[in-house]
Amino acid sequence: MASFQLRLNLLSTISIIVIIGVIWLLIELLLSSFFIPENKKKISLIQNKTTYKGKVYLEKIHNFSLQEFDAKVQLSHFVKAKSYFSFKNSPALLIEPEVIFYDENGLKDYVLKSKCAHYTDRGEIKFKGEVSIQSSNGLSHKVNTEELLVGIKTSDLISKKQVTYLGKNVKIIAQGMRMYAKDDTMRLIGRTKINQGNGQQILTKDLYINQSKGQKHYYSNNKTTYLAKKNIIYANGVDMMNRQKQVIQLLGKVKIVQDSGSKIFTKNLTIDQSDGLEVYRTKEKIHYQSKIVDIHAFGMNYDVIEQKIRLTGGVVGRYE
């Protein structure tokens, strides 16, 4: 009887141990479902990070929009974009951004559009690549640059990088630019090259583009060189007021050097490029010099394509 009781106690003890073991195993399995080892946790976090063009971003917003107000609590500009991406140690990225600026009366002043831009922590917007600038008067600018900074306080546009300005039948390359929003004037900074669609080229410095009166007015008061197929012209400035009429004014003292070596000295030369022409005109004094003649006159009409020069007004010549 004692032996039977001993075996019964032993079986009970073994049963309790088995039950405890099963309970412990269940607890282990349950805990493992809630907790991940540290090394596996890191791998999981890396795999779950989302990237844009290979760069990890912290936040993404579709149809992003932001209003900015000035010191008088008036709407100064409105920013919107197709997408907004924020990153840890670099400026936020705007995809297909559009920035609308407003004047002091709350009216739309001009609109900037581009494929992408960076939005900094200081509230600055840096456009990249080709930027379209649409003014309230209906005229527009198109510039291509590595970086175009929008001054939020002044609404001025600034670039210290090379700028390519794309106009109608003209492409202008400069070392930088600044657009003054209040008077709708742009200054292309430094050495400036104007490439015309018909092949002529103008070299100058600090070219202004003014469209405040509803038409684009290109001008510079710095030394200018006009390069054509048969002539090189040196002047003290350039004025391209009548771009629609395709007329260029070379200002101040003018020297025309023909490919034959002949020289023409005058002032304030008009270049008429309308209807495919290339005609130089002036009513100023003319001094024409070649290897065999020396002529003085008042006024000139020089058809470059036909290679015909007509001198007017008291022509005096000396032949050698």
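The values are calculated or read from the model by the stated rules, or taken from the named source; none is laboratory data. As the structure is a computational prediction, the values presented were derived from the model and not from experiment. Don't worry about glycine lacking a Cβ; one is built from the backbone with ideal geometry, like all the others, and counts go over all protein chains shown. Surface areas here come from the heavy atoms of the whole protein model, side chains and all, with no ligands, DNA or RNA. Shrake-Rupley method; radii C 1.70, N 1.55, O 1.52, S 1.80 Å.
Within the bounds of segment 140-148, is there any residue that is more than 25 Å from MET241 (Cβ to Cβ), open to solvent by less than 10 Å² (accessible area, probe 1.4 Å) and in a strand (DSSP E or B)? Yes, there is a match, as at least one residue in segment 140-148 is more than 25 Å from MET241 (Cβ to Cβ), open to solvent by less than 10 Å² (accessible area, probe 1.4 Å) and in a strand (DSSP E or B).
For segment 91-122, filtered to residues that are small (Gly, Ala, Ser) and over 15 Å from LEU75 (Cα atoms), the residue that is surrounded by the fewest Cβ atoms within 10 Å (Cβ to Cβ) is ALA92. Among all residues of segment 257-264, there is none that is under 30 Å from the mean Cα position of the chain (by Cα) and either surrounded by fewer than 16 Cβ atoms within 10 Å (Cβ to Cβ) or part of a strand (DSSP E or B) (or both).
In segment 160-178, the residue that is farthest from LYS126 (Cα to Cα) out of those that are out of contact with any Phe, Trp or Tyr (no Cβ under 9 Å at 6 or more places or on another chain) and open to solvent by less than 10 Å² (accessible area, probe 1.4 Å) is TYR165. One residue stands out among those in segment 265-300 that are in a strand (DSSP E or B), farther than 25 Å from ASN169 by Cβ and of a type in the set (Ser, Thr, Tyr): the one that is least open to solvent (accessible area, probe 1.4 Å), which is THR266.
Scanning segment 95-122 for residues being of a type outside the set (Ser, Thr, Tyr), in a loop (DSSP other than H, G, I, E, B) and touching a Lys or Arg at 6+ places or on another chain (Cβ under 9 Å) gives a total of 4. Pairing residues of segment 61-90 that are among the acidic types (Asp, Glu) with residues that are modelled with pLDDT under 90 and assigned to a strand (DSSP E or B), at Cβ distances under 8 Å and at least 6 apart in sequence or on separate chains, gives GLU68/LEU75; GLU68/SER76; GLU68/HIS77; GLU68/PHE78; ASP70/SER76. If you scan segment 179-202, which residues turn out to be in a strand (DSSP E or B), open to solvent by 20 Å² or more (accessible area, probe 1.4 Å) and more than 30 Å from VAL279 (Cα to Cα)? Across segment 179-202, the qualifying residue is only TYR180.
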